Amino acid sequence: MILYRTTSGLVVEHEGKVYELKERSIDELIVRSDLHSLLAGTMKGVTTTLDEANLLAPIGSQEVWAAGVTYLRSRAARMAESKDAGGGDFYDRVYSAERPELFFKSLPHKVVGPNASVGLRSDATWSVPEPELVVLINPECRIVGYTIGNDMSSRDIEGQNPLYLPQAKVYHRSCALGPGILITERALVPETRISIEIVRGSAAAFSGETTLAQMKRRPQELAEYLYRDQTFPFGCFLLTGTGIVPPDSFTLERGDTVRIGIDGIGLLVNPVE
Ligand code: DO4
Ligand code: MG
């Protein structure tokens, strides 16, 4: 079942039908240890329709964090972009270290939802989307759902110096989530595909795909590191890293559209502004 946040409230979609929820916010749901059965129970209730134009980012008061260098492809890209700054070794070491790279990505009110624009930094010359599986973790550190994320990044800024990472990653409209949250008690299968298409004009300027089998770390392992000596009273969203990086010659342009799909979850579409 997929949970959506819309301009008129929360709804759940299951097997082609859409049901209204009486709970008003994701905060009310995420604190429930019986979340799955609570949502399953709504399926006896009032049905409605889902209008794509009314979708909002599926978030309440949750912080948004991100993991990095969790795929070999990301390790290679980071090492290449930072080699002149002597940063290559750091990325190699974090890929194989026990402790993962985790960084703060966004406050909830800055998250961009489906069909809203993602942004480019005005002082960046090399910008890319990062299509990522996102886990929704409850306050007890249990993964209760999955959504799609775009960890928009300024590769030239990060490449100049790894200490510039927050500037490369956290800026106006740099984080998109949605369209909905797959609520499930089961882990996603390794064959789950993540794909991206970047449309420029009427053609694809870049497309690529990977699967969760390529991810070096398990989402639960990332969640446990994130929750060490931290409290998240309303849970947390965690982007789990990118396994797809466009060629070095590619940079996003205003007017492009980013389309990210994950099997079983949906398609997150955002124009670039
Ligand atoms: O180390 C920098 C960030 C990498 C990242 O965001 C990713 O691998 O997805
Ligand atoms: Mg990333």
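The values are calculated or read from the model by the stated rules, or taken from the named source; none is laboratory data. It should be emphasised that the depicted structure is a prediction, and the values quoted were computed from it without experimental measurement. Because the Cβ atoms are built from the backbone with ideal geometry, glycine has one as well, and the counts that use them run over all protein chains shown. These area figures cover heavy atoms from the full protein model, side chains too; ligands, DNA and RNA do not enter into them. Shrake-Rupley method; radii C 1.70, N 1.55, O 1.52, S 1.80 Å.
Using a probe of 1.4 angstrom and keeping all protein chains present, the accessible surface of the chain works out to 44 square angstrom per residue. Of G60, A85, L72, which is farthest along the charge dipole of the chain in the positive direction, counting Lys and Arg as +1 and Asp and Glu as -1 at C-beta? Projecting each Cα onto the dipole axis, the largest value belongs to G60.
A cut-off under 11 angstrom between Cβ atoms defines the neighbours of A213, and their net charge, with Lys, Arg +1 and Asp, Glu -1, is +1.
Pairs of lysine in the chain with Cα under 20 Å and at least 8 positions apart or on different chains: total? Counting lysine pairs in the chain gives 5. For the pair R193 and A213, the difference between a 0.36 nm per residue extended length and the Cα-Cα distance amounts to 6.3 nm. A simple charge model with +1 on the Cβ of Lys and Arg, -1 on the Cβ of Asp and Glu and nothing else charged puts the dipole of the stretch 18-142 at about 100 debye relative to its Cα centre.
Quantify, in whole percent, the carbon and sulfur part of the accessible surface of the chain (1.4 Å probe; protein heavy atoms only). Ligands and nucleic acids excluded, carbon and sulfur reach 50 percent. Rounded to the nearest 20 debye, the dipole size of the chain about its Cα centre is 120 debye, using +1 on the Cβ of Lys and Arg and -1 on the Cβ of Asp and Glu. A helix-only calculation puts the chain at -5000 deg cm²/dmol for mean residue ellipticity at 222 nm, using -39500 (n - 2.57) for each DSSP H run of at least four residues, averaged over all residues. For G178, the residues whose modelled amide H falls within less than 5 Å of its own, excluding neighbours fewer than 5 places apart on the same chain, are I148.
Relative contact order of the stretch 192-259, taken over Cα pairs closer than 8 Å and 6 or more residues apart, is 44 percent. In order along the stretch 173-186, the Karplus-derived 3J(HN,Hα) couplings, from 6.51 cos²θ - 1.76 cosθ + 1.60 at θ = phi - 60°, round to 6, 9, 9, 10, 9, x, x, x, 10, 6, 9, 8, 8, 9 Hz, and Gly and Pro are given as x. Loop-resident trypsin sites (Lys or Arg not before Pro) (DSSP state other than H, G, I, E or B) in the stretch 20-118 with no more than 13 further Cβ atoms inside 10 Å of their Cβ: K22, R24.
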